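Trainee: This is the structure I want to talk about, given as structure tokens.
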Amino acid sequence: MARVFSRCFIHDFLFRTASIEISFSTQNSRVLVKGDDSTGNMDWYSVHKKITALDFSCEKRSHIV
């Protein structure tokens, strides 16, 4: 089963979609992943547009941002 959210907590971090943050004074819809030698030190940057939670039948949960 899949559900869509505008915000979620993952490992004690709050993530929100960019659309919900328009009127907020703080921002937490952007993610930066630092690259390493395997990526040629290329950094990856993204803005959350949708947060989808996937519920698996074996009771594991995964969040796709």
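The values are calculated or read from the model by the stated rules, or taken from the named source; none is laboratory data. Source: prediction; values computed, not measured. Heads up, the Cβs are rebuilt from the backbone with ideal geometry, glycines too, and the neighbour counts pull from every protein chain shown. With ligands, DNA and RNA removed, areas are computed over all heavy atoms of the protein, side chains included. Shrake-Rupley method; radii C 1.70, N 1.55, O 1.52, S 1.80 Å.
Trainee: Given springs between every Cα pair under 10 Å in a Gaussian network model of the chain, which of 12, 55, 37 has the largest fluctuation?
Mentor: Comparing 12, 55, 37 in a Gaussian network model of the chain, the most mobile one is 37.
Trainee: Also, quick follow-up: Sum up the charges of everything whose Cβ sits under 13 Å from the Cβ of residue 18, counting Lys and Arg as +1 and Asp and Glu as -1, but leave residue 18 out. Let's see the in-between values first.
Mentor: On the way: positive: 7, 16, 30, 49, 50; negative: 21.
Charge balance near residue 18 sits at +4.
Trainee: If Lys and Arg each add +1 and Asp and Glu each add -1, what is the summed charge of the other residues whose beta carbon sits under 12 Å from the beta carbon of residue 49?
Mentor: On the way: positive: 16, 30, 50; negative: 21.
Every neighbour counted, the sum reads +2.
Trainee: List the residues whose amide H sits under 5 Å from the amide H of residue 51, counting only those 5 or more places along or on another chain, with H placed 1.01 Å from N in the peptide plane.
Mentor: Close amide H contacts, sequence-distant or interchain: 5.
Trainee: Among 17, 39, 26, which one shows the biggest mean-square fluctuation in a GNM of the chain, springs joining Cα atoms closer than 10 Å?
Mentor: 39
Trainee: If you don't mind, another one. Using a probe radius of 1.4 Å on heavy atoms only, what accessible surface per residue do you get for the chain? Whole Å² is fine. If you can, show how the numbers build up before the last one.
Mentor: Working: 5270 Å² over 65 residues.
Solvent-accessible surface per residue comes out at 81 Å².
Trainee: Continuing with the same structure: When the Karplus curve 6.51 cos²θ - 1.76 cosθ + 1.60 is applied with θ = phi - 60°, which whole-Hz ³J(HN,Hα) does each residue of region 16-22 get, with x for Gly and Pro?
Mentor: Coupling constants for region 16-22: 10, 7, 4, 5, 7, 8, 4 Hz.
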